[in-house]
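See structure below.
The values are calculated or read from the model by the stated rules, or taken from the named source; none is laboratory data. Computed from a prediction, not measured in an experiment: that's the story for all the values here. All Cβ positions, glycine included, derive from the backbone under ideal geometry; neighbour counts span all protein chains shown. Ligands, DNA and RNA are stripped out before the accessible areas are found, and what is left, the full protein with its side chains, is counted by its heavy atoms. Shrake-Rupley method; radii C 1.70, N 1.55, O 1.52, S 1.80 Å.
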Amino acid sequence: MKHFYVSLCLWLLAPMLLRAQTSKDFSVLVSADVQSSAPKIILNWPVDNISSGYQVFRKTKSATSWGAAIASLPGSATTYTDNAAVEGQAYEYRIIKSFTANNIAYNGYGYIFAGAKVPAIENRDKIILLVDKEFTSSLATEIKRLEMDLIGEGWQVIRYDVDRTDKVTDVKKIITTAYNANPGKVKALFLLGHIPVPYSGNYAVDHHFPDHVGAWPADVYYGSMDDNAWTDYEVDNDAAARPQNHNVPDDGKFDNDVLPSDVMLQIGRVDFHNLPAFKTTETELMRRYLNKDHNWRTKVYSATEKAVIEDNFGGASGEAFAASGYYNFAPMFGESNVITADYINSLTKDTFMWSYGCGGGSYTSVGGVATTNDFVNRKINTVFTMLFGSYSGDWDSQDNILRASLAGDNMVLASAWSGRPHWNFHHMALGENIGYSTHLTQNDYINYFRTKEFYHPPLKKPGDRLVTPALLGDPTIRMHVVAPPAIKSAKSSNATVTLSWNKSADAEEYYIYRTTDLKSPFVRAAKVAATDTVFTDNAPLNIGVKNYYMVRAVKLQSSASGTYYNLSQGSIDSVNVAASVSENMHANVALQVYPNPSQNGRFTIALVPGLNTTCTIQVTDITGRVVYTRQVNTQSLHANRLDFSLQQMAKGMYTLQVNAGNGIYTHKLIYR
């Protein structure tokens with residue numbers, strides 16, 4: 001009997017004696033060292049005693065597949081060197097680890113976007129800003145500041161104000177019209193306020209059947225331009241506990257569990273509707289967020305470059321929810337700056353740029369990690385957070401924890417429900433905005449680990465994508481912030497413009513930009529040394545009208561993924577450019593310059609007939625450098641015409657000056 005008792009105890013304990021899986025087991029914590037002198041990228045990861053081997057893949061950022069592995073390494077490997085890397089080019093790597101746990105074969109994943117001295121992203125194209133009309137007047141100042149911040153980040157803003165009671169299909173028409181009017185240029189969508197929420201599907205991604213089966217919030221609808229593929233006649237299910245999840249024919253909620261087409265826009269939402277746990281108005285919550293947003297961009301506050309993970313699920317038979325934290329954070333900060341610890345205790349004692357927490361939960365909590373009340377009552381010192389637990393991914397619910405994280409008096413600017421599916425944020429370590437990561441996560445289930453295979457019935461074939469992933473927060477926000485300069489003055493005199501600015505503490509040089517219209521992209525006109533705080537434009541874009549100028553500080557930013565040139569928020573000012581006195585005297589000297597613009601760099605000056613003098617012809621570029629000069633006796637000219645060429649110069653804007661003694665003619669030249 002004694003032997004039987006011992007045997008029974010051993011049998012009951014057997015599952016506990018097997019090695020417990022952790023989410024870290026399903027991750028490769030990769031970071032990179034980069035070299036410029038003899039260009040190479042060295043990938044590093046910690047020793048992993050359970051690994052039986054690694055495969056390394058490489059692709060360009062825009063490539064749609066990984067291709068064959070570039071290396072197969074033993075389980076003892078901790079590094080791989082890419083000697084084919086080129087300075088100024090970034091490469092994306094995937095590392096797949098093989099291992100066995102409890103006699104079952106698994107894979108672990110690591111991703112990194114690495115490079116040395118990768119060029120700055122100066123123009124990010126167009127963004128649609130949809131503003132809830134509830135805030136049009138009450139937050140006019142803050143929203144205008146946001147628009148200028150977006151422009152200063154390289155976006156061109158297309159703004160529409162909509163009513164929160166509009167149909168989602170009517171809101172979609174606004175988005176589609178703007179998208180189609182700017183082919184290939186509209187890249188992002190910022191939903192500011194309680195913009196009507198699309199719902200879609202007949203599934204419970206958190207596997208709470210049947211009480212959470214039905215339509216979930218699906219902002220991806222706004223970014224999918226295939227309207228005909230979104231149907232509303234098949235699903236007929238009102239079993240869910242939350243009425244908003246009910247989905248019946250012709251109710252304005254869509255049938256789709258799976259994306260019918262690619263999401264074309266980087267979408268983010270800031271929405272504080274129905275958060276009664278906060279004892280303040282929705283308007284004040286939005287004002288607080290917009291102030292946080294601006295203060296982050298301008299480096300009024302910052303966070304330590306490290307991350308914390310609290311994992312209350314473990315390996316979860318291969319779902320490994322917290323792997324989203326481990327394999328994203330290592331390429332951002334390096335493995336040594338990623339800690340596993342209590343979420344709330346860590347974030348109330350210190351600042352962490354990123355955080356992750358998962359556990360069983362509710363609409364307002366993630367079990368053992370945090371609750372909505374924590375974000376109401378405590379200072380949570382993290383900027384970007386991922387949370388995962390039951391029900392909370394249904395983010396349009398009352399006092400939802402994902403939205404509450406943004407509403408608090410804290411640092412949080414963005415949150416996501418990561419684990420079903422997993423998200424990829426690794427491109428942010430080399431300067432991408434969080435909307436880029438959102439777009440990648442929503443669209444690509446082929447090149448990245450998203451969900452456990454065959455675990456979600458709606459995903460019937462490779463490449464099928466859930467409609468539920470959503471970014472709560474500003475989609476344009478980036479991780480690394482360079483302290484911006486501040487323009488002190490923009491003055492015009494004699495057809496020139498002089499800018500002066502206060503220094504940035506981070507600047508290694510400055511880029512100067514200009515445009516004639518804030519709805520058009522700023523174009524870089526010059527770069528100057530970090531010691532300079534004055535720039536003179538000798539060839540403004542337009543004489544006699546308003547010109548806009550922007551100054552951005554530039555820094556070679558380092559991260560655990562390499563180095564890239566990082567730009568500050570732009571400081572913008574405008575000036576009306578007064579015509580030169582000499583320009584008004586042009587009738588005494590010249591009549592015309594043609595062709596202008598010139599396609600081949602050749603120009604002709606038509607001088608006033610009867611001139612009997614020696615003319616000096618001088619052409620300068622936008623920095624004031626003389627690129628062409630010539631003296632000519634007007635009597636030697638045929639038909640008072642003078643030809644000259646800029647074919648040896650770069651295409652762009654130049655200034656012509658003709659000095660004939662009795663008058664000076666200045667004119668803008670365009671060589672394109």
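Summary of computed values
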| read-out | value |
| --- | --- |
| Some residue of segment 202-214 being closer than 15 Å to His439 by Cα and open to solvent by less than 50 Å² (accessible area, probe 1.4 Å) | no |
| Within segment 226-236, considering residues that are under 29 Å from the mean Cα position of the chain (by Cα) and at pLDDT 95 or above, the one surrounded by the most Cβ atoms within 10 Å (Cβ to Cβ) | Trp230 |
| Options Leu541, Leu556; residue that is modelled with pLDDT of 85 or more, open to solvent by 10 Å² or more (accessible area, probe 1.4 Å) and not in a strand (DSSP E or B) | Leu541 |
| Enumeration of residues in segment 498-509 that are open to solvent by 40 Å² or more (accessible area, probe 1.4 Å), in contact with an Asp or Glu (Cβ under 9 Å, 6 or more places away or on another chain) and closer than 19 Å to Met148 by Cα | none |
| Where a residue in segment 156-169 is in contact (Cβ under 8 Å) with a residue 40 or more places away in the chain and farther than 29 Å from Asp517 by Cβ and its partner, wherever it lies, is open to solvent by 60 Å² or more (accessible area, probe 1.4 Å) and of a type in the set (Lys, Arg), with Cβ under 9 Å and at least six apart | Arg164/Lys133 |
| Candidate set from segment 635-664 (those that are open to solvent by less than 20 Å² (accessible area, probe 1.4 Å) and over 18 Å from Tyr594 (Cα atoms)); member that is modelled with the highest pLDDT | Ala660 |
| Members of segment 119-151 found to be open to solvent by 20 Å² or more (accessible area, probe 1.4 Å), under 19 Å from the mean Cα position of the chain (by Cα) and not basic (Lys, Arg), listed by number | Pro119, Ala120, Ile121, Glu122, Asn123, Asp125, Glu147, Met148 |
| Residue in segment 187-194 that is part of a helix (DSSP H, G or I) and within 27 Å of Val467 (Cβ to Cβ) present | no |
| Pick from segment 510-538, criterion β-branched (Val, Ile, Thr) and assigned to a loop (DSSP other than H, G, I, E, B), ranking: surrounded by the fewest Cβ atoms within 10 Å (Cβ to Cβ) | Thr531 |
| Within segment 559-592, considering residues that are at pLDDT below 85, open to solvent by 10 Å² or more (accessible area, probe 1.4 Å) and not hydrophobic (A, V, I, L, M, F, W, C), the one nearest to the chain's Cα centre (by Cα) | Glu583 |
| Residue match in segment 384-393 (condition: farther than 25 Å from Val197 by Cβ and at pLDDT 95 or above) | no |
| Subset tally (residues that are open to solvent by 40 Å² or more (accessible area, probe 1.4 Å) and without any contact (Cβ under 8 Å) to a residue 40 or more places away in the chain) for segment 45-68 | 7 |
| Residues that are touching a Phe, Trp or Tyr at 6+ places or on another chain (Cβ under 6 Å) and buried (at least 19 other Cβ atoms within 10 Å of the Cβ), drawn from segment 440-471 | Thr441, Phe449, Arg465, Thr468 |
| Residues satisfying the stated conditions in segment 237-264, i.e. open to solvent by 40 Å² or more (accessible area, probe 1.4 Å) and in contact with a Pro (Cβ under 6 Å, 6 or more places away or on another chain) | Ala239, Asp257 |
| Among (1) modelled with pLDDT of 95 or more; (2) open to solvent by less than 70 Å² (accessible area, probe 1.4 Å) - the single one Asn102 does not satisfy | (1) |
| Residue in segment 59-68 that is more than 23 Å from Thr451 (Cα to Cα), small (Gly, Ala, Ser) and out of contact with any Gly (no Cβ under 8 Å at 6 or more places or on another chain) present | no |
| Those residues of segment 459-472 which are at pLDDT below 95 and either touching a strand residue (DSSP E or B) at 6+ places or on another chain (Cβ under 9 Å) or outside any loop (DSSP other than H, G, I, E, B) (or both), in sequence order | Lys460 |
| Some residue of segment 623-632 being open to solvent by 60 Å² or more (accessible area, probe 1.4 Å), in a strand (DSSP E or B) and β-branched (Val, Ile, Thr) | yes |
| Residue match in segment 140-162 (condition: in contact with a strand residue (DSSP E or B) (Cβ under 6 Å, 6 or more places away or on another chain) and part of a loop (DSSP other than H, G, I, E, B)) | no |
| Failed item, numbered, when Tyr91 is tested on (1) surrounded by fewer than 17 Cβ atoms within 10 Å (Cβ to Cβ); (2) among the hydroxyl-bearing types (Ser, Thr, Tyr); (3) touching a strand residue (DSSP E or B) at 6+ places or on another chain (Cβ under 7 Å) | (1) |
| Residue check for Trp216: over 20 Å from Val131 (Cβ atoms) and in contact (Cβ under 8 Å) with a residue 60 or more places away in the chain | yes |
| Test: residue in segment 72-81 that is in contact (Cβ under 8 Å) with a residue 40 or more places away in the chain and crowded, with 20+ Cβ neighbours inside 10 Å | no |
| Asp161 being among the acidic types (Asp, Glu) and closer than 30 Å to Ala240 by Cβ | no |
| The one condition in (1) open to solvent by 10 Å² or more (accessible area, probe 1.4 Å); (2) of a type in the set (Ser, Thr, Tyr); (3) outside any helix (DSSP H, G or I); (4) closer than 16 Å to Asn328 by Cβ that Ser489 fails to fulfil | (4) |
| Qualifying residue in segment 167-182 (condition: assigned to a strand (DSSP E or B) and surrounded by 15 or more Cβ atoms within 10 Å (Cβ to Cβ)) | no |
| Cβ pairs under 6 Å, 6+ apart, first in segment 501-521 and closer than 20 Å to Met653 by Cα, second open to solvent by 60 Å² or more (accessible area, probe 1.4 Å) and assigned to a strand (DSSP E or B) | Tyr511/Arg524; Tyr511/Lys527; Tyr513/Arg524 |
| Sole exception among (1) more than 21 Å from the chain's Cα centre (by Cα); (2) under 30 Å from Gly67 (Cβ atoms); (3) of a type in the set (A, V, I, L, M, F, W, C) for Val376, by number | (2) |
